[in-house]
Amino acid sequence: MQHAVRGTQSALGQTSGGMQGDQQAALDDHTVAIWQVVREKLRAEFGATAYRYWLEPVVLIGVEAGVARLGAPTRAMRDWVTQHYLDRIQAFWHAEDANVHFVEINIISVSNGNAPANQVEPAASPASGSAAGDVSATKPAPKAKPGAGKISVAEAPCQPQAAGRTAIASMSDDGISAALDPRYTFDNFVIGKPNEFAYAAARRLAEAESVPFNPLFLYGGVGLGKTHLMHAIAWHIRRTQPHRTVIYLSAEKFMYRFIRALRDKNTVDFKDQFRSVDVLMVDDVQFISGKDSTQEEFFHTFNALVDQGRQIIVSADKSPSDLEDIEERLRSRLGSGLVADIHATTYELRLGILESKAERQGVELPQRVMEFLAHKITANVRELEGALNRVIAHSQLVGREISLEMVQDVLHDVLRASERRVSIEEIQKRVAEHFNIKVSDMHSARRARAVARPRQVAMYLSKQLTTHSLPEIGRKFGGRDHTTVMHAVRKIEELHSSDPSLSEDIDLLRRMLEG
């Protein structure tokens, strides 16, 4: 049964809106009642303010074929609700109606920011190259004047998209798999020298019908793209090979599920669930360090899947050999396939990422602004994207034109923190001055104690005060191996607690570098 949404705003907070023929969906009293319950749960969980600004304007379109369709008046609101609330909307709805497996948010086209026109723009599909953009803001400001930096639905470019599923967890995996972010696809991944090998490996694996290498181990610092690539692999396999069972989850969630299975004395079902999948993806595997029972179960799950010719993909912040408090046999298995590292971003890559993200959000940024951000925010892609979202949100919600001066004003705290960030070169210089040696000694092969100990201190401080990986630090110290850096860090940690004089030197250097 299909009916169009009719009427003016109701007690449910619905605004009027129509749908084009084949986009109509069933809407009856039962569906309306469920939507009311879902709204009340959202209000209770997120509070009245967030509900009023972001959730109350969302309207019910209908339910059809297990998909609940909602409508948002603007692209920015659709994207914000998708990113921050969609998982909870879906969970609440599924709890009320087990037949509804997915929730999709469309854009109800708005004319001049007022009443909805008789049109619904399809929701972003993860299969397409488009992604739901972030709008980082806590509350909307009063409506800006037309043309004052605010981007309307009509102005925002949008690739042709089929109505599709947004950020969803696979119900067919019995709720095991975590939700996949629709922004994280191969099409949205910006490739550069630091990540080209990891990207090529992930793409090859996703497109292969058989197992090309097992496991694929991705590692790198925070916010460099590991999770993006894992989500992209999962999206690609689910779209092109829907018959394959894919489970993506964090190592922490794997551990919690295992603990719950032990508590409920239900380990047989746990083993059956994880050892019968076609593709198992575990993110941030370093979190099971020191968890002996979880490592044991993961090791046996790993072996069972490999023996069956099933694919395993793992990510971590360090290479397998550098993972601490991980059993040797598990480290060996993790490193037995293809290990691909993602290095820190370069200026060119950061600039490309900014251009790509601005284009997808339909925002034209001045070249000076993009170059400024790419030069100033160097820690990781996540921080860079957050800064961009903040600038765009400020422009859209306050109606202020994006300029270099505006960016410096809006991001003053982020820029100040970035300026305080210490570089390895600065650490080497300060340590050399403190111990009265040459900076060139940091790169030399000299092993005299008067040189080797300060060099170890510099390596230790580089690990503590920067986001660089051990291999990256090693390259800055004359191309040394990451195991040399790891030994230096451990040695200085031991001396820090046993040698008061060296401990004072380290604390003084840290204060000088962080000051």
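Laboratory data are not the source of any read-out in this text; all were calculated from the coordinates shown. This structure is a prediction, so every number in the text was calculated from the model and none was measured. Don't worry about glycine lacking a Cβ; one is built from the backbone with ideal geometry, like all the others, and counts go over all protein chains shown.
In this Cβ point-charge picture (+1 for Lys and Arg, -1 for Asp and Glu), the range 347-420 has a dipole of about 200 debye about its Cα centre.
Look at the dipole of the range 424-514 built from charges on Cβ: of 482, 513, 454, the Cα furthest out on the positive end belongs to 482.
Computed from the alpha carbon atoms alone, the convex hull of the range 292-391 holds 146 Å³ per residue. Given a cut-off of 31 Å, name the pairs among 193/429; 226/271; 318/357; 41/253; 226/265; 271/318 whose C-alpha atoms lie farther apart than that in the structure shown. As for pairs spanning more than 31 Å Cα to Cα, those are 226/265.
Return the inverse of the average 1/r over all pairs of distinct C-alpha atoms in the range 184-342, which is the Kirkwood hydrodynamic radius, in Å to one decimal.
15.8
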